[in-house]
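The values are calculated or read from the model by the stated rules, or taken from the named source; none is laboratory data. The structure presented is a predicted model; accordingly, all values stated were derived computationally and were not measured. Because the Cβ atoms are built from the backbone with ideal geometry, glycine has one as well, and the counts that use them run over all protein chains shown.
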């Protein structure tokens with residue numbers, strides 16, 4: 001049986017980016033069938049190859065996972081011959097993604113005006129710390145800076161302690177990449193209707209800003225500045241993490257009166273529903289109510305607590321570690337963690353495809369390419385028609 005087509009078969013994506021954000025945008029497109037050509041520095045390759053825990057010296061697990069389904073070529077973007085090669089590749093591409101500081105691509109003769117001149121249908125995804133405009137546009141930045149300046153870090157942690165970076169520092173990178181991929185698909189739909197490409201412009205801090213629920217309108221209307229309150233939630237309670245007798249943590253989320261009534265019943269304290277009849281009443285006595293829930297949770301093991309909450313249909317779940325994720329039956333059933341042969345031998349585990357499509361599901365066909373420029377001959381000779389001698393000459397001059 002032949003290969004089942006995926007939703008983005010036929011699309012060609014040029015990944016000129018480094019580290020996480022814009023490369024993740026390309027990874028998402030590649031998971032659903034786009035051919036992703038990863039452009040790396042000659043010899044050294046992408047810095048993501050060396051970031052995080054090494055699977056072997058100079059090659060990280062991170063690279064093997066986040067460069068999955070990609071083809072690696074090398075090209076020196078600082079050399080005029082390299083810039084000419086990228087322009088030729090862009091002429092036959094649908095999407096080009098980059099995350100250099102604004103102005104860098106223009107200095108290399110690879111800005112939007114130059115690329116549009118060779119391919120008016122091209123969609124250019126540009127992800128940078130602060131976007132292509134504004135007074136901060138030329139500043140460098142990574143995920144930690146984006147979380148801080150996007151308002152999220154200020155809210156994370158406890159009131160009497162310094163603000164913390166929520167989760168991992170790369171969450172802004174992944175969210176920017178996801179929104180970059182969404183923007184690319186929107187731009188491709190626009191191209192289908194109009195025939196014209198365009199630029200998709202994302203600042204790393206902007207996904208953080210976009211996900212601050214009611215913080216922006218509430219401050220604008222009232223001047224109220226939300227502060228850190230630990231693991232609780234500003235506008236609902238009980239909506240927190242509680243420690244069970246066996247030391248494991250349980251997440252409970254009651255966002256309306258009906259859910260709280262169910263929780264009170266699960267706790268065998270139905271009188272709590274009358275004592276705290278409204279969310280306003282619960283918010284007014286946040287500390288008291290959280291303490292009551294903690295006392296109840298702390299009297300039993302996490303498994304028992306979760307079973308009682310599930311039986312009462314109270315939204316709940318364990319606060320999972322990496323080990324817990326591998327053992328969770330829901331994650332196994334949904335194949336959220338998949339295994340594939342590692343190019344280094346043995347098996348390589350990675351997060352599966354999200355989202356799940358019924359008619360044209362995505363797939364992982366290969367881990368990130370081990371060798372820098374592994375697909376130079378396939379792309380340069382096959383796609384651009386260079387001879388092997390011409391390719392060797394370019395390599396000798398440090399262009400590829």
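Miscellaneous remarks
- Selection status of residue 341, in contact with a strand residue (DSSP E or B) (Cβ under 9 Å, 6 or more places away or on another chain) and in the same structural domain as residue 29 (by TED's automatic domain parsing): yes
- Comparison of 327, 339 shows that the only residue that is surrounded by fewer than 14 Cβ atoms within 10 Å (Cβ to Cβ), modelled with pLDDT of 95 or more and over 30 Å from residue 239 (Cβ atoms) is 339.
- Residue in the stretch 376-385 that is within 19 Å of residue 30 (Cβ to Cβ) and in contact with a strand residue (DSSP E or B) (Cβ under 6 Å, 6 or more places away or on another chain) present: yes
- Checked against (1) assigned to a helix (DSSP H, G or I); (2) closer than 20 Å to residue 202 by Cβ, residue 63 passes all but condition (2).
- Complete set of residues in the stretch 127-177 that are part of a helix (DSSP H, G or I), under 18 Å from residue 213 (Cβ atoms) and under 13 Å from the mean Cα position of the chain (by Cα): 171, 172, 175
- Residue check, residue 348 closer than 29 Å to residue 58 by Cα, modelled with pLDDT of 95 or more, in the same structural domain as residue 55 (by TED's automatic domain parsing) and surrounded by 15 or more Cβ atoms within 10 Å (Cβ to Cβ): yes
- Identity of the residue in the stretch 179-233, in the same structural domain as residue 142 (by TED's automatic domain parsing) and in a strand (DSSP E or B), that ends up nearest to residue 284 (Cα to Cα): 203
- Residue within the stretch 266-277 that is in contact (Cβ under 8 Å) with a residue 24 or more places away in the chain, outside any helix (DSSP H, G or I), touching a helix residue (DSSP H, G or I) at 6+ places or on another chain (Cβ under 9 Å) and on the phi < 0 side of the Ramachandran plot present: yes
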